[in-house]
Amino acid sequence: MPASPHARSPGNPGNHGTHPSAEGLATAAARQTYRRVQRHASMRALLLTLPLIVFLLSTFIAPIAMLLARSVQNHEMADGMPHLARALVAWDGNGVPGETTFALLAADLKQARESGQLGTVARRMNFAQPEFRSLLMRTARAVGDDTPAAWKPALIELDARWDSPETWRLLKRAATSPTPDYLLAGMDAQVIPQGTVASVPDNASVYREAFLRTISISATVTILCLILGYPVAWLLANLPEKQSHRLMLFVIVPFWTSLLVRTTAWYVLLQPGGVINSLLSMLGLTSHPVALIFNRTGVLIGMTHVLLPYMILAIYSVMKSVSPIYMRAAKSLGAHPFTAFVRIYIPQTLPGVGAGCFLVFVLALGYYITPSLLGGAGDEMISQLIAMQTNTQLNWGLAGALSAYLVIFTAVFYFIFNRIVGIDRLRFG
Amino acid sequence: MRTSLKLHCASLAVLAFATSASHAAETLNVVTFGGAFEAAAKKAWFEPFTQASGVTFATESYDGGLAKLSAMEQAKNTTWDLIDMETNDAITACDEGLLKKFDKKTLGKTSDFISGSISECAVASMVWSTIYAYDASKLKAAPTSVNDFFDLQKFPGKRGLRKSPKVTMEWALIADGVDPKDVYKVLATPAGVDRAFKKLDTIKKNIVWWESGAQAPQLLADGAVAMVQAYNGRIDDAAKKDKKPFKAVWDAQVYDFEWWGVPAGAKHADAAAKFIVSQAQPKASADLSKYIAYAPPRKDAIQYVDKQRLADMPTAPENFKRAVQINANFWADNADAINKRFQVWLTQ
């Protein structure tokens, strides 16, 4: 039944609201039925994709979200020494707190030591200041033995640091959650006693430079891959089928080989007594081994080799779909082959170039094994520092903050690439 | 004394047999640093224990650190039963409640254990050491001291070092004239840290950094370095098994214990504890040295070690003269701060 707009015409106000016409009712009912059917259909469609959504949420989005949440969470104090943490959050933060807080400190230290949580708190406090760990451990051991008349003088006598406002300020900061501390530390900044944000001293500033280095290595690798990959992709796309298939094997076989195997192969090739250096000295080109490994050169060679197939395949797939008619047309209109190539062919392959560059750049950002095996001291990429915080320092807050920055960088680059090339135009394989 | 020890071993064996029926199907999941040490531990400890008790072993290797253990604990699903740990990890893990408390009484007589080799949660399995080694077929003169490691004039060539301030800082100070006894006192001051970095600056351009223990002998074998810092067992293994002309320099060796710990949530904790007791017996403790040059952590075990083998041990008197014991508590307190400066120094 077609819906009748006349039934609700403004010229017929009497029908409005109070006495809807039979026809109007029927239309509304039909519309409702229609909506219900539609909803059922989309629900069914949703149900079909539900496993995928659940899979994505539980294995991809939730872990990442949890990791990123760690960068602002600060729960060690609140879990391990709850009473002191609560008192410190309420405390105004001026000078040294009074006897009650000291008594809470003593009680919580004792309790945390028994429950096995003192180590976690101590490790957390050591991130804020070296030797805080030994201060807490020592105090906890002393506290277990006896109960003095007043805790404040007793603890200050045990260690003068308990009389320092700085100690208590750090404890108060550690009791607050969420905090931006890890996010600041990931950018080599900290909150100074005056309450403002400032850069850390130069001899403790690591991460900003590491991010810049990571971006610069990734960008160099991307450019190298593009320079090497574009002609190869062109060759693959334009050779007769039989030859191109054979050539394709040279791209595909390394692509299928494990990353570790390829990196180790470069290690063997590039080392001072390795194949390349032996060859050079045999040919009389060098008297001393050329430094090809444990420096930036090694990292760039290794990463370019590992990532090159991504670039070639992305460009190749686009080149395959470029019709040769346009080039022929350009030439028949009198264009020089070079001009035709630059003005007609290259623009048509840009989506492939964009896809390849984006893919290579983003993969390079997270590289870990290749730089750690082939690189030297000045070539550490950010993922190596994240691994160090995760595995050896157990500072998962800082690891989360550094990862958050890496995710943000990737998102920003995605946005930029999307603006320049248009992600919808990307084609893979 | 020998008879009492034998009695002890015998009673233990009886105990193991008595319990074997109930544990017949048990498998312990052991995590070690892998490589030559795991192979040696398998022969010296795992196989005899399996024969005695029926408990079998499934091994897994890792690079140290507490990240995985901590994550398992948080997820309440600990799949490991026994972990091979470095001292600083054993201390931190115990402090954070990641390890089960260990009942010292089950070990029997412990007075002969080297001081500090039994902790609240863990028992030392062996003594290992960080030394430096060179290829005798390539160097004209033999380096003898840690000063030679820093002397580029007398011994030109690259130096391989573990990419960590641990041991490296200690050596820099000793090479700069600090007595091995005072090294942590000096390193605890900012001026001492500066001094160590200043000494390291003199060889910085010639350093090749390695990260996993297996890389060290490899670097030396490849000729990538003239001298390399390494774990003594790995160098000994390469020299004895692969017949490499590698020589270790023991001056200012930095030694440390290696520990067995049982995770707090371990599913086969009892069997794991029994294993620790069995491998800590003097004879078993000494057996490891048959397969790798790591020393038993107790004096009563020395009598079972092959006389010739003793010379390869970190604890041999000839090697032990200027030995430094790693100060795990110092590193637990200062690792964060020094690591950060080390990272900055690396990239400068």
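The values are calculated or read from the model by the stated rules, or taken from the named source; none is laboratory data. Keep in mind that this is a model prediction, so the values were computed, not measured. Note that we place each Cβ from the backbone using ideal geometry, even for glycine, and neighbour counts take in every protein chain shown. For the accessible areas, the whole protein counts, side chains as well, though only heavy atoms, and no ligand, DNA or RNA atoms are used. Shrake-Rupley method; radii C 1.70, N 1.55, O 1.52, S 1.80 Å.
Using only DSSP helix segments of four residues or longer, with each worth -39500 (n - 2.57), what per-residue ellipticity at 222 nm results for chain A after dividing by its residue count and rounding to 500?
-21500 deg cm²/dmol
So if I place +1 on the C-beta of Lys and Arg and -1 on the C-beta of Asp and Glu, and nothing else carries charge, what would the dipole magnitude of the protein assembly as shown be about its Cα centre? I want it in debye, nearest 20.
It comes to approximately 2300 debye.
Among A:154, A:82, A:139, whose Cα projects farthest towards the positive end of the dipole of segment A:76-179, with charges put on the beta-carbon of Lys, Arg (+1) and Asp, Glu (-1)?
So the residue we want is A:82.
Using a 1.4 Å probe and ignoring any ligands, DNA or RNA, find the accessible area of residue A:227 and quote it in Å² to the nearest 10.
It works out to around 110 Å².
Out of A:128, A:94, A:168, whose Cα points farthest toward the positive end of the dipole of segment A:76-179 (charges: +1 Lys, Arg; -1 Asp, Glu; placed on Cβ)?
Result: A:128.
May I ask you to give the percent of accessible area on segment A:172-221 that is carbon plus sulfur, with a probe radius of 1.4 Å? Walk me through the numbers before you get to the answer.
On the way: 1410 of 2290 Å².
That share works out to 62 percent.
In segment B:25-82, which trypsin sites (Lys or Arg not before Pro) fall in coil by DSSP and have 13 or fewer other Cβ atoms within 10 Å?
Counting only loop positions with at most 13 other Cβ atoms within 10 Å, the trypsin sites (Lys or Arg not before Pro) in segment B:25-82 are B:76.
Given the whole protein assembly as supplied and a 1.4 Å probe, what does the accessible area of residue A:408 come to in Å², nearest 10?
90
Contact order normalised by length for segment A:207-425, with contacts defined as Cα pairs under 8 Å and 6 or more residues apart; what percent is it?
Normalised by residue count, the contact order of segment A:207-425 is 28 percent.
Using only the Cα atoms of segment A:76-179, build the gyration tensor, take square roots of its eigenvalues as a ≥ b ≥ c, and label the shape rounded, prolate or oblate: rounded if a/c is under 1.5, else prolate if a/b is larger than b/c, else oblate.
rounded
Take every Cα pair under 8 Å in chain B that's 6+ residues apart, average their separations, divide by the length, and report that relative contact order as a whole percent.
Relative contact order, chain B: 25 percent.
With a 10 Å cut-off between alpha carbons and a GNM built on chain B, which of B:41, B:224, B:280 moves the most?
B:224
Can you pick out the pairs among B:181/B:243; B:68/B:101; B:241/B:307; B:68/B:241 whose Cα atoms lie more than 28 Å from each other?
B:181/B:243; B:68/B:241
Loop by DSSP (not H, G, I, E, B), at most 15 other beta-carbon atoms within 10 Å: where is the longest site-free stretch of chain B for GluC sites (Glu not before Pro)? Don't skip to the end; give the middle numbers.
On the way: sites that count: B:120, B:211, B:318.
Value returned for the longest uninterrupted segment is B:1-119.
Gaussian network model of chain A, Cα springs within a sub-10 Å range: biggest mean-square fluctuation belongs to which of A:419, A:70, A:169?
A:419
With all protein chains present and a 1.4 Å probe, how do B:267, A:172, B:140 order by accessible area, largest first?
B:140, B:267, A:172
Work out the length of the dipole vector of segment A:76-179 about its Cα centre, built from +1 on the beta-carbon of each Lys and Arg and -1 on the beta-carbon of each Asp and Glu, and round it to the nearest 20 debye.
300
According to the Cα gyration tensor, what semi-axes, each the square root of 5 times an eigenvalue, does the equivalent ellipsoid of segment A:207-425 have, listed from largest to smallest in whole Å?
The answer is 35, 25, 14 Å, longest axis first.
Over chain A, with a Gaussian network built from C-alpha contacts below 10 Å, which listed residue (A:280, A:385, A:109) shows the highest mean-square fluctuation?
A:280
Putting +1 on Lys and Arg Cβ atoms and -1 on Asp and Glu Cβ atoms, find which of A:243, A:288, A:377 reaches farthest to the positive end of the dipole of segment A:207-425.
The one lying farthest along the dipole's positive direction is A:243.
Counting helices only, and only those DSSP H runs with n ≥ 4, report the 222 nm mean residue ellipticity of chain B as the sum of -39,500 (n - 2.57) divided by its residues, in deg cm²/dmol to the nearest 500.
Values: 15 runs with 138 residues, N = 348.
Helix-only estimate at 222 nm: -11500 deg cm²/dmol.
If you place +1 on the Cβ of every Lys and Arg, -1 on the Cβ of every Asp and Glu, and leave all else neutral, what size is the dipole of chain B about its Cα centre, to the nearest 20 Debye?
With Lys and Arg at +1 and Asp and Glu at -1, about 780 debye.
Probe 1.4 Å, all protein chains in place: accessible area of residue A:40 in Å², nearest 10?
Accessible area of residue A:40: about 110 Å².
Just reorder B:87, A:100, A:220 by solvent-accessible area, largest first, 1.4 Å probe, all chains present.
A:100, A:220, B:87
Taking 8 Å as the Cα distance limit and 6 or more residues as the minimum spacing, I'd like the relative contact order of chain A as a percentage.
After rounding, I find 17 percent.
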